[in-house]
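The values are calculated or read from the model by the stated rules, or taken from the named source; none is laboratory data. None of the values given here were measured: they were computed from a predicted structure. Reconstructed Cβ throughout: ideal geometry from the backbone, glycine too, with neighbour counts over all protein chains shown.
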Amino acid sequence: MEVQLTNRQQHILWATIRHYIATAEPVGSKALVDEYDLGVSSATIRNVMGVLEKSGLLYQPHASAGRVPSDSGYRIYVDQLITPSLRSRSVSQTDALASLLPRSRSVPQGNGTETLGREVEVALQKSLQWEDWSLETLLQGAAQILATLSGCISLITMPQTTTALVRHLQLVQIEAGRIMLIVVTDGYETHSKLMDLLPVPEERQRDSEVIDRELQIVSNFLNSHLRGRSLLELADLDWSELDQEFQRYGEFLKNSVAELTRRTLAPTATQIMVRGVSEVLRQPEFSQLQQVQTIIHLLEEEQDQLWRLIFEEPEFEDVGKPKVTVRIGAENPLEPIRTCTLISSNYRRGSIPVGSVGVLGPTRLDYESAIAVVASTADYLSEAFSYFNP
């Protein structure tokens with residue numbers, strides 16, 4: 001059930017989480033009064049923190065301790081109270097949160113994570129020269145930089161190697177107004193897509209035999225241009241090169257091929273580059289040896305499970321749009337990391353996801369920075385991958 005918070009409750013939850021992220025210590029009302037300009041008394045803060053605890057957003061690890069955020073509290077924080085570069089926030093919201101920063105600090109002008117994102121891109125550009133490196137060396141370097149900047153375990157998958165080529169393509173009229181696109185790959189796999197033919201004005205309608213002849217002409221035209229090309233190339237094809245005479249098929253073909261590409265390029269697990277393990281395991285959340293061992297076992301021996309989690313194929317309608325996934329604590333289906341946060345995004349060739357970038361750390365992490373770093377690294381690798389795969 002969605003929790004509705006007042007502005008005051010939002011501010012106090014925000015300040016509590018920020019303070020806990022910085023100190024790793026349970027947060028009391030006095031600490032918030034001393035560090036943040038909340039404009040209310042310590043007693044009011046205690047009352048609000050009690051309400052937040054009853055709502056499941058905060059909890060007390062011990063009866064006499066202050067409060068710490070729950071997974072649900074972090075979720076509210078990520079979805080509503082911070083300003084990652086992939087989300088928008090009104091000026092009034094930004095100004096309100098700026099007033100809550102510790103008195104010794106100031107809020108960056110504009111979107112702080114967008115600034116951080118640019119800094120990450122500059123760091124990657126200065127440190128990595130993809131023109132002179134192999135792709136594997138580039139990914140290793142990016143993983144190390146990502147771990148250093150995020151303070152988390154970095155995870156970068158090797159790119160997908162699926163290279164199915166078009167052997168034959170055919171357009172067939174099934175019934176009036178309905179045609180099927182059939183694609184045969186070099187592995188003799190057949191894929192088909194049934195769709196409605198785009199409507200035309202009544203005065204331009206043709207009989208079935210004429211449409212069959214047109215479809216054969218278009219099929220011949222497409223085979224001459226597309227045979228031997230990979231499905232990845234088809235996904236990014238400039239359909240404006242189709243002859244003007246065939247433009248009424250253009251949108252149908254574009255959507256059909258994109259859909260076929262999404263369905264037939266089933267992702268297969270690849271190696272995950274892992275960096276930053278020793279650094280993040282020094283965090284107090286990883287003080288128990290058994291927990292550390294289970295995480296290391298997952299990273300070393302069960303990468304296929306982790307791979308399926310971080311390489312998440314977006315829905316068809318989201319193709320081409322940037323996306324960062326944040327899984328907090330119990331939202332992670334893998335038991336070894338159910339006390340961690342996993343932040344991931346795909347890097348792409350054109351609109352097709354070919355690999356993923358992620359960071360794994362405690363739930364107590366700087367979400368704004370981590371989201372910006374992951375998004376910027378994914379964008380950078382997308383650009384680099386276009387160089388390695390022209």
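Data for the structure
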read-out: Residues that are among the polar types (S, T, N, Q), outside any strand (DSSP E or B), touching a Gly at 6+ places or on another chain (Cβ under 8 Å) and surrounded by 19 or more Cβ atoms within 10 Å (Cβ to Cβ), drawn from the stretch 338-390; value: T363, S376
read-out: Tally, over the stretch 47-70, of residues that are of a type outside the set (G, A, S) and surrounded by fewer than 18 Cβ atoms within 10 Å (Cβ to Cβ); value: 8
read-out: Some residue of the stretch 360-370 being out of contact with any helix residue (DSSP H, G or I) (no Cβ under 9 Å at 6 or more places or on another chain) and not small (G, A, S); value: no
read-out: Some residue of the stretch 227-249 being over 32 Å from the mean Cα position of the chain (by Cα) and modelled with pLDDT of 85 or more; value: yes
read-out: Positions within the stretch 1-21 being surrounded by 19 or more Cβ atoms within 10 Å (Cβ to Cβ), under 25 Å from the mean Cα position of the chain (by Cα) and over 16 Å from Q60 (Cα atoms), in sequence order; value: W14, R18
read-out: Residue, farthest from T363 (Cα to Cα), within the stretch 11-37, restricted to residues that are in contact with a helix residue (DSSP H, G or I) (Cβ under 6 Å, 6 or more places away or on another chain) and touching a residue at least 60 places away in the same chain (Cβ under 8 Å); value: Y36
read-out: Hits in the stretch 302-337 (condition: over 21 Å from V357 (Cβ atoms) and either modelled with pLDDT under 90 or in a loop (DSSP other than H, G, I, E, B) (or both)); value: F316, E317
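Residue-by-condition table, conditions (1) modelled with pLDDT of 90 or more; (2) closer than 18 Å to T341 by Cα; (3) in contact with a Phe, Trp or Tyr (Cβ under 9 Å, 6 or more places away or on another chain):
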site: H11; (1), (2), (3): yes, no, yes
site: A22; (1), (2), (3): yes, yes, no
site: V33; (1), (2), (3): yes, no, no
site: T44; (1), (2), (3): yes, no, no
site: K54; (1), (2), (3): yes, no, no
site: A63; (1), (2), (3): no, no, no
site: P69; (1), (2), (3): yes, yes, yes
site: P84; (1), (2), (3): no, yes, yes
site: V91; (1), (2), (3): no, no, no
